[in-house]
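Please read the structure below before turning to the comments.
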Amino acid sequence: GQSLEQPSEVTAVEGAIVQINCTYQTSGFYGLSWYQQHDGGAPTFLSYNALDGLEETGRFSSFLSRSDSYGYLLLQELQMKDSASYFCAVRYDNTDKLIFGTGTRLQVFP
Amino acid sequence: NAGVTQTPKFQVLKTGQSMTLQCAQDMNHNSMYWYRQDPGMGLRLIYYSASEGTTDKGEVPNGYNVSRLNKREFSLRLESAAPSQTSVYFCASSESGLGTEQYFGPGTRLTVT
């Protein structure tokens, strides 16, 4: 079976750094993706890690450790607009199918 | 460039009624997907199509059928709607074989009474 765990909620203040963790138990693991979803909106892609290590895209970075079945999304210089839900998702079985976690709601306060 | 479009945006059905959700993409993607998202939950894959003419079940296919009409269009049909199918439905598309970005449509909010 496939399962992912991430915290349900995280709070932070503007300008801070926040890390959202994701652990997974997945057979046939191929890679870990992160998506952002604002309330009432559609998910939008943030990052994809297939190999161990850190990928940086602007203020957002994503990390993967395949041996630990663990990844995280790091958001720096937080802005109010970063308040949203963040989902990790596992790609498996060498298909394009994803299994999504239940999401982490990030609230950024002024 | 419209990306992924879905119709309708909202729909209310009575138990037992049928309907088809439409999805189209203009990015020439091979892979297309249907997800449902229940309140406070992640997305769950209903069906997946790797290319025109092929479909594959996801995590929660029961009660749904799909049709990959051509490369652009992927429809989801509820033959006999049930209250448990009340959800937000998202269609998505992506390049094949890269495991990278899935592009999502705006969603259809379906209520079954």
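Bear in mind that the values in this text are calculations on the coordinates, not laboratory data. Everything quoted here is computed from the prediction, not taken from an experiment. Using ideal geometry, Cβ is built from the backbone for each residue, glycine included, and neighbour counts are taken over all protein chains shown.
The residue among A:Met80, B:Leu43, A:Gly103 whose Cα reaches farthest toward the positive pole of the charge dipole of the protein assembly as shown, with charges on the beta-carbon of Lys, Arg, Asp and Glu, is B:Leu43. Dividing the radius of gyration of the alpha carbons in the range B:51-113 by their Kirkwood radius gives 0.98 for Rg/Rh.
Counting only Cβ charges, +1 for Lys and Arg and -1 for Asp and Glu, the dipole size of the protein assembly as shown around its Cα centre is about 760 debye.
What number comes out for the charge environment of B:Leu76, summing +1 per Lys or Arg and -1 per Asp or Glu over other residues with Cβ under 12 Å away?
Around B:Leu76, the charge tally is +1.
Take every DSSP beta bridge whose two residues both sit in chain A; close to 90 percent of them are antiparallel. The alpha-carbon of B:Lys9 sits under 23 angstrom from the alpha-carbons of these lysines, leaving out residues fewer than 8 places away in its chain: B:Lys71. Electrostatic bookkeeping for B:His29 treats Lys and Arg as +1 and Asp and Glu as -1; over the other residues with beta carbon under 14 Å from its beta carbon, the sum is -3. Among the trypsin sites (Lys or Arg not before Pro) in the range B:1-98, those located in a DSSP loop and surrounded by at most 11 other Cβ atoms within 10 Å of their own Cβ are B:Lys9, B:Lys14. Reported value for chain A: 92 Å³ per residue, from the convex hull of its C-alpha atoms. Applying the Kirkwood pairwise sum to the alpha-carbon positions of the protein assembly as shown produces a hydrodynamic radius of 17.9 angstrom.
Paramagnetic label reach from A:Gln107 (point 7 Å along Cα→Cβ; backbone nitrogen cut-off under 16 Å): within the range A:21-50, residues A:39.
Taking only the Cα atoms of the range B:1-57, the ratio Rg/Rh comes out at 0.99, with Rh defined as the Kirkwood radius.
Work out the mean other chain Cβ neighbour count within 10 Å for the residues of A:91-101 and drop it here as an integer.
6
Could you point to the residue in B:Ala81, B:Ser67, B:Leu110 farthest towards the positive end of the protein assembly as shown's charge dipole, with +1 and -1 charges on the Cβ of Lys/Arg and Asp/Glu respectively? Sorting the options by dipole projection puts first B:Ala81. Sorted largest first, the principal axis extents computed over the alpha-carbon atoms of the range A:68-110 equal 43, 19, 14 Å. Computed across the range A:1-62, the Kirkwood radius stands at 13.7 Å (inverse of mean 1/r, all Cα pairs). Sorted largest first, the spans of the alpha carbon positions of chain B along the three principal axes are 39, 26, 24 Å.
Extending 7 Å from Cα along the Cβ direction at A:Asn21 and again at B:Gln17 yields two label points whose distance is 4.7 nm.
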